Amino acid sequence: MPEATFHFPRGFLWGTATAAHQVEGGNTNNNWSRWESEPGRILHDYKAGLACDWWGGRWREDLQRAHDSGQNAHRFSIEWSRVQPAPDRWDDEALDRYVEIARWLVKQRMTPLVTLHHFSDPLWLVDMGGWENDDTPALFARFVRRVVSRLKPYVNKWVTINEPNVYVISAYIWGDFPPGKSDLGLAAKVAVNMVRGHVAAYKVIHELQSEALVGIATNYQSLKPARPWFPLDHLPTRMIDQVVNRAINNCLATGKLDLSLRKFSIPEAAGTQDYIGLNYYTRSMISFDLTKPQELFSKRSHPQGALVSANGFLANVPAGMWDGLRWAHAYKLPIYITENGVEDEADTLRPRYILEHLHQVWRAANFNWQLKGYFHWSLVDNFEWERGWTQRFGLWGLDVDTQQRIRRRSVDLYEEICKENGISSKMVRKYAPEVFDTLFPAH
């Protein structure tokens with residue numbers, strides 16, 4: 001049997017990612033707390049509740065576990081509604097808690113990557129129209145100035161906005177996220193304002209911290225026509241790819257926002273990204289469907305023959321990670337995989353998923369593409385937005401009722417990867433022998 005190790009570049013960041021509302025608990029002043037109070041908005045009417053009790057202090061033990069298992073970085077987010085609970089009021093005590101987390105990470109020689117907006121908005125902002133309001137980019141920049149001024153001694157890597165593409169589509173087309181609208185015109189307006197918000201934040205951060213690395217995190221979706229021989233499957237595939245994967249990042253490079261059906265000029269956006277944040281989970285096959293205008297006349301399905309997660313949410317398609325890496329590389333900027341993972345309470349698919357996806361990342365690094373880090377989603381099971389507690393993405397499991405952490409086998413695998421800074425044939429044989437011949441072919 002072949003014996004080998006695929007090593008990653010020296011200084012590569014190995015971490016996990018979390019988001020404030022999903023792990024903190026006790027959030028009562030944002031759009032998601034209000035959304036959870038409305039029957040039927042969250043699957044099974046679940047509520048975040050205590051979540052992972054990070055606001056109660058359990059961030060320390062979870063991050064200690066991350067440190068002890070070889071992780072040298074962590075991505076976390078700031079809850080805007082805690083730092084600015086009202087338009088004219090700042091809560092410095094809340095901000096102190098985030099400073100404490102960043103300081104703790106640095107003391108443990110773990111690199112913080114801080115997200116400034118991860119799907120949640122303060123209620124006072126929501127009541128002003130949220131991102132539909134043209135004043136919101138400037139309000140966001142004020143919040144960013146406050147946060148960055150305090151955290152800059154410890155943090156120099158920033159995600160301004162997590163997955164603006166998902167926010168726009170889920171909140172303003174599909175209606176799964178608050179405010180639950182289905183309006184293509186409003187979706188376009190929100191996309192423009194989120195770009196403007198990013199630009200304003202980018203400029204504030206660089207004014208305060210010239211050496212900062214600033215970008216957005218994009219949920220890259222690998223999309224293929226379900227019937228390659230059928231021209232009508234290609235049309236929505238190309239349109240969705242443009243709107244979901246390319247529009248916003250191209251705008252941050254060129255200043256032109258092309259939403260396929262509508263185009264906008266935002267010249268100040270050009271050159272406002274220092275790296276590409278790539279979130280990749282799965283691939284979708286796209287079929288033309290005349291009955292679905294809100295989804296650009298498309299229907300999605302999993303690739304035939306792919307292994308699918310327990311709830312049927314994700315398909316394990318490592319080749320889609322390669323698509324995402326190739327997409328990111330085209331921007332000629334450093335690349336951070338800011339999220340990648342699979343919902344898998346039984347932890348039977350996750351080891352294979354991690355190894356096969358990281359093998360694609362290693363391939364890209366071997367081409368001397370600028371791969372800088374990988375953040376697995378997630379450190380511990382958390383509240384998965386409109387899907388509530390039905391999905392378990394954590395390396396560590398969580399008993400929601402007792403707050404007990406449950407060590408999954410994937411913790412051990414990821415620890416070995418982090419400490420080796422690579423993937424060895426021994427690891428694959430131990431944790432996912434079924435893919436050994438694929439990752440380490442004999443010939």
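Values in this text are rule-based calculations from the coordinates and carry no lab data. Remember, it's a predicted structure, so these values are computed and weren't measured experimentally. When we count neighbours, we look across all protein chains shown, and the Cβ atoms used for this are built from the backbone with ideal geometry, even at glycine.
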Ordering of 120-128, 214-222 by packing [mean C-beta count within 10 Å, highest first]
214-222, 120-128
What's the exposure ranking of ILE248, ILE173, going from fewest to most Cβ atoms within 10 Å?
ILE173, ILE248
Run lengths n ≥ 4 of DSSP H only: what is the helix-derived mean residue ellipticity at 222 nm for the chain, with -39500 (n - 2.57) per run over all residues, to the nearest 500?
-11000 deg cm²/dmol
Region 255-396 - share of DSSP beta bridges that are antiparallel (%, nearest 5)
50
Provide Rg over Rh for region 334-378; use the alpha carbon set for both Rg and the Kirkwood Rh (inverse mean inverse pair distance).
1.03
Identify which of the listed values of semi-axes √(5λ) of the Cα gyration tensor in Å was calculated from the structure shown: [x] 30, 27, 22; [y] 45, 23, 19; [z] 60, 25, 20.
[x]
Mean Cβ count within 10 Å, highest first, over the residues of peptides 429-435, 355-361:
355-361, 429-435
Enumerate the whole-percent occupancy of each 5 Å bin, from 0 to the last occupied one, for all C-alpha pair distances of region 82-199.
2, 11, 20, 22, 17, 13, 9, 4, 1, 0
Just to be sure I understand the rule: take each whole DSSP H helix in the chain, project its Cα atoms onto its long axis, keep it if the span is 18 Å or more and its mean Kyte-Doolittle hydropathy is at least -1.0. Which ones pass?
92-107, 136-151, 184-208, 350-366
Would you please give the residues with an amide H less than 5 Å from that of ALA226, counting only those at least 5 places away or on a separate chain, with H modeled from the backbone geometry?
ILE286, SER287
Excluding residues on the same chain fewer than 8 positions from LYS203, give the aspartates and glutamates whose Cα lies under 15 Å from its Cα.
GLU211, GLU268, ASP274
Positive minus negative residues near VAL155 (Lys, Arg vs Asp, Glu; Cβ under 12 Å)
+4
Please report the relative contact order for the chain, taking Cα pairs under 8 Å with a sequence separation of at least 6, and give it as a percent rounded to a whole number.
19
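Which value, in debye to the nearest 20, describes the size of the charge dipole of region 369-443 about its Cα centre when Lys and Arg Cβ atoms bear +1, Asp and Glu Cβ atoms bear -1, and nothing else is charged? Don't jump to the answer; show the numbers that get you there.
Values: 11 positive and 11 negative charges, 48 e Å.
Charge dipole of region 369-443: 240 debye, to the nearest 20.
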Cα-Cα pairs above 17 Å in region 211-323: how many percent?
61
May I ask for the net charge around VAL244, where only other residues with Cβ less than 14 Å from the Cβ of VAL244 are counted and Lys, Arg are +1 while Asp, Glu are -1?
0
Please arrange PHE375, PHE12 by how many other C-beta atoms lie within 10 Å of their C-beta, fewest to most.
PHE12, PHE375
Evaluated at 37 °C with a viscosity of 0.692 mPa s, what Stokes-Einstein diffusion coefficient in µm²/s does region 96-158 have when Rh comes from the Kirkwood expression over alpha-carbon pairs?
252
